[in-house]
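Taking it in order: structure first as structure tokens, then the write-up.
The values are calculated or read from the model by the stated rules, or taken from the named source; none is laboratory data. This is a predicted model, so every value here is computed, not measured. When we count neighbours, we look across all protein chains shown, and the Cβ atoms used for this are built from the backbone with ideal geometry, even at glycine.
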Amino acid sequence: MTRSTRLGIPDLQSSDASMGITNPGYRPDDPGATAFPASIVVGSSFNPELAREGGIAIAREARSRGFNIMLAGGMNLTREVRNGRNFEYYGEDPLLSAILASEQVNGIQSQQIISTLKHYTLNANETNRHWLDAIIDPIAHRESDLLAFQIAIELSEPGAIMSGYNKINGEYAGGSHHLLNEVLKGTWGYQGYVMSDWGATPEWQYALHGLDQESGAQADRFMWSLDAEPFAAPLRQAYAEGKLPKERLSDMVRRILRSAYAVGIDQWEAAPAVDMARHNEIALEIARQGIVLLKNENVLPLPADKPLKIAVIGGYAQQGVISGTGSGAVAPVGGFASTTKIGGAGVMGKHRNLYLFQPSPVEALQKAFPNAQVEFDPGYTPAEAALTARRADAVIAFDIRVEGEGFDLPDLSLPWGQDAVIDAVATANPDTIVVLETGNPVSMPWRDKVNAIVQAWYPGQAGAQAVAELLAGKVNPSGRTPITWPASLADTPRPTLSGLGTPWRTPVTIRYDEGYRWYAKKDVKPLYPFGHGLSYTNFAYSDLRISGGTAETAAAGSGQPAVTSASADAPVTTTEAKASLLSGEETVTATFTVTNTGEREGADVPQLYLTAAPNEKRMRLLGFERVVLKPGESKQVTLTVDPRLLARFEGKANQWRIMEGVHHIALGRSAGDLVLTGTAELDEHLFDR
């Protein structure tokens, strides 16, 4: 790391890092980094500890390369299941996204590196993203995307916030005085700095509206057809003419330096040792816990010790597992197994590639099933694939879809005729297992014909091993869907996505109202609800006790549940939340017991929901906890809820209000499988934050 010769200030060097250290094009001699699973896999794990461990590993690899700013912490909520970058985020729920994003930030910043939360806010589609106007009710905005950022900031104090490309209600995110100065820096008291996304600063006046750093200045000249970068000569001229106050310029500098010194960039010594084998184990564990078993009709796990004939079909499974594309794609150690250029329109078209990570699923399955005969068919035609399937004891169909930055999906179908191949294979052999490597939900015209469906997402460099272990029963699946899975696009808030197929630079307007809360409000039954995921064992819930009233140890003002886990026979102790506790606030506490009633050790994710508040039907995730149990074992869990999750935001008062009366609470396996219910009587309460 180099320093300014005059002041000794460390040079600030950044890299994309949501799924590992990227930007290999700028470092052609780089030996490769750990390609972690996509953030959506971390979201499926519902495990904050994994997010933190991944952040630490990414930061250590960054320091070894001299980077001290990570453009990690992507946490846009899933508002559109066709968004090409959903795999880079954690899902559709504000609480889940905030907790996981904050833990990644905490992991990164523990290694003396600035971490970023992005993209503030509503950067939820890729189609003409520079000209997209996200229209949302301001109250709904505060209760969803803004609440997610607020909670994550409280829990992690990230050094930087990156603004989005898009407009919000007619005003660009990077130049919004309301969102940057009034909400972020004013109401929330954020002390770090705000950087733009690359090519998202068309004018120097954004500095007056709260933007502290122009990023990718050369991209701005190209994007907005400018003669100079806005924060270069135009900003200097504005300062000289008194249009940019000295106090504001000093504030911009102070915020950047404060973030650098707060994490200890100035105290760097030797780069930490990088244990790539350990980092591969972390990547493997994230994949193990994040892969979701969507369906299982008594076919999984396959017996690992029997001489089975296993047909593996499609998905380039003889070469590797797929990655998403765009700025978050990571070049692994040893390089990709293969790279196929897909292409496409727009400035990101040249970056749209099919990347495959070694080892291949076929290799991993051969290791997991040493006595089996594993035969691969590429799925080139449905007829050929059906012939291979017919002579097998079990069929594993790998199916992929290339998704990434700069592109949204036109629909949810699988490309390249894969749906037809699955249909033909399942007709030939009902014992067909579909393994999906995609960044979003897919349509499933063949769903009733196959016996098992595994959502592997983009599982990273260790993904093939994780999938094979799950299929063989070495790993008990515990992932949960962090996205509601629609039965069809007709059931979504926007059956037709605005702007699809229009030329680049075409203005696009999208109105947002979605997620599991939208499905509950409209009484629409999804294909798979938020929080859904199967296991090879069974879990039972009992002894739900709901209490409402003034909290003694509430959730950190953060949305992070204060969680208590203990053996049912042992006394319960409370785990302190990381931020300062809210006391004297109206809230809800739920205590319940989880029991493994099956014959295998496994992990469950009980989820607490608000289902109704006084005078309104309202669905909201209040808390969750990943619980690992041996057969017959029970644990007691206590979740104390952040009051904001029970409240409605009042714009005129700029406060949160809990309504007086009965609040209906439910404990469930998912948003669509609520097992136990209770109520809490709360007093009316108005509070800040």
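Quick look at the values:
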read-out	value
Count of residues meeting criterion [surrounded by fewer than 24 Cβ atoms within 10 Å (Cβ to Cβ) and either in contact with a strand residue (DSSP E or B) (Cβ under 9 Å, 6 or more places away or on another chain) or among the hydroxyl-bearing types (Ser, Thr, Tyr) (or both)] in segment 400-413	6
Pairs with Cβ under 9 Å, 6+ apart, first in segment 315-328 and closer than 13 Å to Gln461 by Cβ, second part of a loop (DSSP other than H, G, I, E, B) and of a type in the set (D, E, K, R)	Ile322/Arg401
Residue within segment 223-245 that is in a helix (DSSP H, G or I), touching a Pro at 6+ places or on another chain (Cβ under 8 Å) and either of a type outside the set (Lys, Arg) or outside the structural domain of Arg63 (by TED's automatic domain parsing) (or both) present	yes
Gly379 farther than 20 Å from Asn451 by Cβ, in the same structural domain as Ala424 (by TED's automatic domain parsing) and either of a type outside the set (A, V, I, L, M, F, W, C) or part of a helix (DSSP H, G or I) (or both)	no
Residues of segment 312-336 that turn out to be of a type in the set (A, V, I, L, M, F, W, C), over 19 Å from Asn280 (Cα atoms) and not in a strand (DSSP E or B), as a count	1
Number of the exception - Ser250 against (1) under 21 Å from Asp133 (Cα atoms); (2) among the small types (Gly, Ala, Ser); (3) not in a loop (DSSP other than H, G, I, E, B)	(1)
Residue count, segment 359-388 (criterion: touching a strand residue (DSSP E or B) at 6+ places or on another chain (Cβ under 7 Å) and of a type outside the set (Gly, Ala, Ser))	12
Any strands (runs of 3 or more DSSP E) falling wholly within segment 603-689 and containing at least 3 residues that are out of contact with any Cys (no Cβ under 9 Å at 6 or more places or on another chain) and not aliphatic (A, V, I, L, M)	607-613, 616-624, 634-640, 648-650, 655-658, 661-670, 673-682
The one condition in (1) under 28 Å from the mean Cα position of the chain (by Cα); (2) modelled with pLDDT under 90; (3) not in a loop (DSSP other than H, G, I, E, B) that Gly549 fails to fulfil	(1)
Conditions (1) among the small types (Gly, Ala, Ser); (2) at positive phi; (3) modelled with pLDDT under 50; number of the one not met by Ala579	(2)
Given (1) at pLDDT 95 or above; (2) under 30 Å from Lys525 (Cα atoms), index of the condition Arg618 fails	(1)
